[in-house]
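Let me begin by presenting the structure, written as structure tokens, before commenting on it.
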Amino acid sequence: MRGFMPLAENKFSDFANVFVEATEAFAVLLGISAEKVTKVKALLTKYQTAYTACEAPNAGPIDREDRRENRFALEGEIRRIKNAYIDGDPNGVVTNEVRMQFGLPPRDKSHTPIEPPRETPSFSLVSGGYLQITVIHPAKPINYNGAVLFYRISDEPLTSHEELTSSKLLTRMKETLAFKDSERLKTLSAALCWQNGKGQLGPMSPIQSIIIV
């Protein structure tokens, strides 16, 4: 599991469908804007198209890379919605029954509630050689899943966290990301936050940028 999301593609696809359907169904109750609903539905459609392409007999590395990129983008938006409207619960209406409609496990009512992480992880981006960037961050605290890297590749450095449309859960202190040749000399912009064992996200770090060489 990537915290609360399945790793296997078929299981993730099923989970994403359930989550996005619930996002639309509960949008008014939870205060989710129409723009947010439209965005996550569009990301799901793009992922489903890429997922279907990978199921074809002649699927190749390009198809799998396209699926990976679209999955990361969809994962990032699902995390944002979960963190802001389900875990954050600004309207105070999220029950265990609502959580299960989103495909999320119910909260254990017999234990003291767990608060989202409050600290922000420091990190650095280091060129790891040809088409590789290494992300270095502190060891994850006890009972945390790891650090979630929100990122995007673009022509210029990005300054808004909302523009970081892809995400990846990092479980080791040093993890190397590999990029395509077409992404060489573009800019990787990234920010990091902790994720606890309940899948809750902490505050986001400032954005850092590095050129892919």
So for the stretch 62-69 (the condition being aliphatic (A, V, I, L, M), in contact with a helix residue (DSSP H, G or I) (Cβ under 7 Å, 6 or more places away or on another chain) and over 25 Å from Trp194 (Cβ atoms)), does at least one residue qualify?
no
Go through (1) of a type outside the set (Phe, Trp, Tyr); (2) within 19 Å of the chain's Cα centre (by Cα); (3) surrounded by 13 or more Cβ atoms within 10 Å (Cβ to Cβ) one by one and return the number of the condition Ser122 breaks.
(3)
Look at the stretch 38-85 and say how many of its residues are under 26 Å from His161 (Cα atoms), buried (at least 16 other Cβ atoms within 10 Å of the Cβ), aliphatic (A, V, I, L, M) and without any contact (Cβ under 8 Å) to a residue 24 or more places away in the chain.
2
Just to be sure I understand, how many residues within the stretch 1-46 are in contact with a Gly (Cβ under 6 Å, 6 or more places away or on another chain), part of a helix (DSSP H, G or I) and either of a type in the set (Phe, Trp, Tyr) or on the phi > 0 side of the Ramachandran plot (or both)?
2
Checking Val135 against (1) in a strand (DSSP E or B); (2) touching a Gly at 6+ places or on another chain (Cβ under 9 Å); (3) free of Cβ contacts under 8 Å to residues at least 60 places away in the same chain, which test does it fail?
(2)
Being touching a residue at least 60 places away in the same chain (Cβ under 8 Å), hydroxyl-bearing (Ser, Thr, Tyr) and in contact with a Leu (Cβ under 8 Å, 6 or more places away or on another chain): is that true of Ser167 here?
yes
Hey, could you check the stretch 199-213 for residues that are part of a loop (DSSP other than H, G, I, E, B) and out of contact with any Pro (no Cβ under 8 Å at 6 or more places or on another chain) and say which is surrounded by the fewest Cβ atoms within 10 Å (Cβ to Cβ)?
Pro206
Is it the case that Thr171 is within 23 Å of Leu7 (Cα to Cα), at pLDDT 95 or above and not assigned by TED's automatic domain parsing to the domain that holds Tyr47?
no
Among the candidates Ser189, Ser182, Ser205, residue that is over 14 Å from the mean Cα position of the chain (by Cα) and over 20 Å from Glu65 (Cα atoms):
Ser205
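The values are calculated or read from the model by the stated rules, or taken from the named source; none is laboratory data. Note that the structure is a prediction, hence the values are computed from the model and not measured. FYI the Cβ positions are ideal-geometry reconstructions off the backbone, even for glycines, and counts take in every protein chain you see.
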